[in-house]
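Peer 1: Please read through the structure below; I'll follow up with questions.
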Amino acid sequence: GKVGSVDEAKLIFDKIRQPNTIEYTTMVNSYGLNGMGMQAIALFHQIPREHLGEATYICALNACSHSGLVGEARLIFKNIEMKTMRIYSAMIDCLSRASAFDQAQELIDE
């Protein structure tokens, strides 16, 4: 899902009748890697709860981070029940990129 192949990935994704966790996560990540944060988050919000895993959350937070969608990242982070160190790390990265260093430090101190 790197540069230029997002459209192709989307065509393939759209043909999948019932995407699984890996397929959803891969598509969210493809959007995120290509600076398409809004598309990544729109898809993220369509993912059924049973397909949300650690990698899915991290890819969504990274997409927010690279697109400056800090408010969206905060909402996603707040709603994650099982926050892992990797999820914290992705959120801290997002806050740091947005120069929200005090908030990043608060998460580090948790």
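Peer 1: Distance between Cα centroids, the range 13-58 to the range 67-110: provide it in whole Å.
Peer 2: Going from one Cα centre to the other spans 19 Å.
Peer 1: Projected onto the charge dipole of the chain (+1 at Lys/Arg Cβ, -1 at Asp/Glu Cβ, origin at the Cα centre), which of Met36, Met91, Val70 gives the Cα projection farthest towards the positive end?
Peer 2: Of the options given, the answer is Met36.
Peer 1: Can you tell me the orientation of helix 21-33 relative to the chain, as the angle in degrees between its alpha-carbon axis and the longest Cα principal axis, to the nearest 10?
Peer 2: 70
Peer 1: Could you give me the radius of gyration and the Dmax of the chain, taking only the C-alpha atoms into account and expressing both in angstrom?
Peer 2: Over the chain's Cα set, Rg and Dmax evaluate to 13.8, 44 Å.
Peer 1: Please determine, in degrees from 0 to 90 and to the nearest 10, the orientation of helix 85-97 with respect to the longest principal axis defined by the Cα atoms of the chain, where the helix direction is its Cα long axis.
Peer 2: Approximately 80 degrees, to the nearest ten.
Peer 1: Within the set of other residues whose C-beta is less than 14 Å from the C-beta of Leu61, count the net charge using Lys and Arg as +1 and Asp and Glu as -1.
Peer 2: Working: positive: Arg74, Lys78, Lys83, Arg86, Arg97; negative: Glu54, Glu72, Asp93.
Around Leu61, the charge tally is +2.
Peer 1: Still on this structure: Taking the dipole about the Cα centre of the chain, with the C-beta of Lys and Arg at +1 and of Asp and Glu at -1, give me whichever of Ala9, Pro48, Cys59 is farthest to the positive side.
Peer 2: Working it through, the farthest residue towards the positive pole turns out to be Ala9.
Peer 1: For a label point 7 Å from the Cα of Arg97 along Cα→C-beta, name the residues of the range 45-60 whose backbone N is under 17 Å from it.
Peer 2: Inside the label zone: 55-60.
Peer 1: Sequence neighbours fewer than 8 away in the same chain don't count; with that in mind, list the aspartates and glutamates whose C-alpha is under 14 Å from Lys10.
Peer 2: Glu23
Peer 1: Then there is this: Pairs of alpha-carbon atoms within less than 8 angstrom and 6+ residues apart define the contacts here; what relative contact order does the chain have, in percent?
Peer 2: 21
Peer 1: Summing -39500 (n - 2.57) over the DSSP H runs of n ≥ 4 in the chain and dividing by its residue number, what mean residue ellipticity at 222 nm do you reach, to the nearest 500 deg cm²/dmol?
Peer 2: About -21000 deg cm²/dmol.
Throughout, read-outs are computed from the coordinates displayed, never taken from laboratory work. Owing to the predicted nature of the structure, the values given are computational and were not obtained by experimental measurement. Heads up, the Cβs are rebuilt from the backbone with ideal geometry, glycines too, and the neighbour counts pull from every protein chain shown.
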